[in-house]
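K.L.:
After the structure tokens below, expect a handful of questions from me.
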Amino acid sequence: MDKNSKQKFFKRNGAIFHRDIKSSNILLDENYRAVISDFVLSRSVPIDKTHLTTLVGGTFGDLDPEYFRSRQLNDKSDVYAFGVVLAELLTGQQAVSSKTDVGLVLRFRSAIKENSLFGILEKRIATEGPEEEILAVAKLAKRCLKLSARKRPCMKEVEAELDGLTRIKEHKICQQTSRDTSCSISDRSFSWTNETLGR
């Protein structure tokens, strides 16, 4: 669904609160774009409502603690769960594990607070990932994981920040590619420009 279609849909129908955002419910299509699945627990919310009172539903470890306590489901409940997904991606660990008594969210928050984030990151991310991007995603995850829903960003802000990081990365790749188009053949250096190609 393109952006215009989404806007028209939500203006007519309100929002949808998924209630079970987690890694196993995010699939990749043939172009490696993320697609959310499993809408069994989702709730449609009228345009004039900001929250719903419901029986608590979702997956332990990914569940918004404020929603768990109050049974008040709102748009920031899914943001919390998405923050858990970001923490899982960064660390390569599951939200809840039988190997430890402390959940990932608490360990992730502690690592950021104690400036030891790189100690819990997944090894390839810690050694190969650009530090600036890792820190930006970690800070975004931390904001999504705020205990108070009011202090969390909305999903549009999360999307905008991730899009911004993607654009920066694409720009860097383009710069690297343009530098890599120079090569040396038999001691003569060529740069792939229009002049070299006779255009």
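The values are calculated or read from the model by the stated rules, or taken from the named source; none is laboratory data. Just so it is clear, the model here is predicted, and its values are computed rather than measured. Cβ: placed from backbone, ideal geometry, glycine included. Neighbour counts: every protein chain shown.
K.L.:
Which of the helices (runs of 4 or more DSSP H) contained wholly in the stretch 5-115 include at least 3 residues that are among the β-branched types (Val, Ile, Thr) and at pLDDT 70 or above?
P.N.:
Values: elements: 65-70, 75-91, 104-113.
Qualifying helices (runs of 4 or more DSSP H): 75-91.
K.L.:
Name the pairs whose Cβ atoms lie under 6 Å apart, with the first residue in the stretch 80-97 and of a type in the set (D, E, K, R), the second in a helix (DSSP H, G or I), and 6 or more positions between them or separate chains?
P.N.:
That search, which allows pairs on different chains as well, returns GLU88/SER23.
K.L.:
Looking only at the stretch 145-166, decide whether some residue is modelled with pLDDT of 85 or more and of a type in the set (Ser, Thr, Tyr).
P.N.:
Yes, because at least one residue in the stretch 145-166 is modelled with pLDDT of 85 or more and of a type in the set (Ser, Thr, Tyr).
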